Amino acid sequence: MRKTSVRLSVNINKIATIRNARGGNTPNVALAAKNTEAFGAEGITVHPRPDQRHITYADVRELKEIVTTEFNVEGYPNAEFMKLVEEVKPHQVTLVPDPPGVLTSNAGWNTIEHADFLKDVIAQLSSWGARTSVFIETDEAMIEGAKACGSDRIELYTEAYATGFAKNPEEAVAPFVRSAAFARDIGLGVNAGHDLNLDNLAFFAQEVKGLQEVSIGHALISDALYYGLENTVQMYLGKL
Ligand code: PXP
């Protein structure tokens with residue numbers, strides 16, 4: 001019995017990182033996606049980056065044929081990314097303002113400064129039938145900006161929550177509770193992700209009312225090394 005209606009989307013980038021270390025097909029990303037779904041995950045997330053250092057564009061094309069739950073493709077919407085998305089038509093596209101070469105996403109969009117660009121991209125994605133989500137911090141002006149750009153949802157960037165959680169969970173979650181309520185009030189759906197793990201997930205999901213989806217990669221795939229993928233997916237679902 002689940003405690004919340006929050007859906008778990010598993011980011012499988014790290015499986016590809018391990019595979020790419022040897023250049024073969026072990027571990028097999030497609031098999032990992034199938035198993036992750038079979039073990040209960042409600043979505044698969046991938047984040048192809050321009051250097052294709054983990055998930056490749058070919059992986060995204062292959063996964064399109066395999067994923068039976070929600071397929072969420074994240075990334076910076078350059079021309080190549082948009083071409084891929086047009087071809088693959090995932091259920092959801094999460095727009096991330098990654099500068100080239102970053103290790104991992106490290107900031108949300110400035111939806112005011114980049115409004116014209118985001119409006120065009122979101123209109124295009126919507127015309128292809130994808131739900132759109134904008135990776136964002138908890139600033140209300142940025143959330144309003146996401147709405148003005150036509151996005152369906154926001155994905156709250158939870159690194160600040162994860163960092164603050166150990167010291168003071170209530171204080172760490174408060175801005176997310178407020179911004180999720182604000183987003184819902186202006187008609188946006190709310191996802192969240194980054195640095196969520198077995199310790200901090202349950203509190204976040206319980207406190208942030210109306211949260212629809214979390215996408216979790218690094219900690220979950222790392223935990224799978226200790227507990228196995230099936231146990232791990234179940235353990236994360238048990239927090240939601
Ligand atoms: N959301 C976005 C936009 C991301 O870029 C990432 C990392 O690829 C995540 C969520 C998942 O973060 P983590 O790997 O820390 O769970």
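Values computed for the structure shown
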read-out	value
Checking THR45 against (1) more than 15 Å from the chain's Cα centre (by Cα); (2) under 19 Å from THR232 (Cβ atoms), the condition it does not meet	(1)
Candidate set: region 150-181, residues that are farther than 18 Å from VAL6 by Cβ and touching an Asp or Glu at 6+ places or on another chain (Cβ under 7 Å); chosen: the one nearest to the ligand (Cβ to nearest atom)	GLU159
Single residue of ASP223, ASP199, ASP185, ASP195 found to be within 10 Å of the ligand (Cβ to nearest atom) and acidic (Asp, Glu)	ASP195
Residue among VAL6, VAL60, VAL67, VAL29 that alone is in contact (Cβ under 8 Å) with a residue 40 or more places away in the chain, touching a helix residue (DSSP H, G or I) at 6+ places or on another chain (Cβ under 7 Å) and aliphatic (A, V, I, L, M)	VAL6
Test: residue in region 156-177 that is open to solvent by 30 Å² or more (accessible area, probe 1.4 Å) and of a type in the set (Ser, Thr, Tyr)	yes
Of all residues in region 123-142 being within 16 Å of the ligand (Cβ to nearest atom) and of a type in the set (A, V, I, L, M, F, W, C), the one that is most open to solvent (accessible area, probe 1.4 Å)	MET142
Members of region 106-152 that are in contact with a Leu (Cβ under 6 Å, 6 or more places away or on another chain) and of a type in the set (Lys, Arg)	LYS147
Every residue from region 199-240 that is over 30 Å from ALA148 (Cβ atoms), in a loop (DSSP other than H, G, I, E, B) and open to solvent by 10 Å² or more (accessible area, probe 1.4 Å)	ASP199, GLY228, GLY238, LYS239
Restricting region 18-40 to residues that are within 17 Å of the chain's Cα centre (by Cα) and within 16 Å of the ligand (Cβ to nearest atom), the residue that is nearest to ALA219 (Cα to Cα)	THR36
Selected residue (only one of GLY228, GLY210 is more than 10 Å from the ligand (Cβ to nearest atom), free of Cβ contacts under 8 Å to residues at least 40 places away in the same chain and closer than 22 Å to THR94 by Cα)	GLY210
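The values are calculated or read from the model by the stated rules, or taken from the named source; none is laboratory data. Note that the structure is predicted; figures quoted are calculated from it, not measured. Cβ atoms come from the backbone with ideal geometry, glycine included; neighbour counts cover every protein chain shown. The protein model used for the area step is the full one, side chains on, heavy atoms only, and it has no ligands, DNA or RNA in it. Shrake-Rupley method; radii C 1.70, N 1.55, O 1.52, S 1.80 Å.
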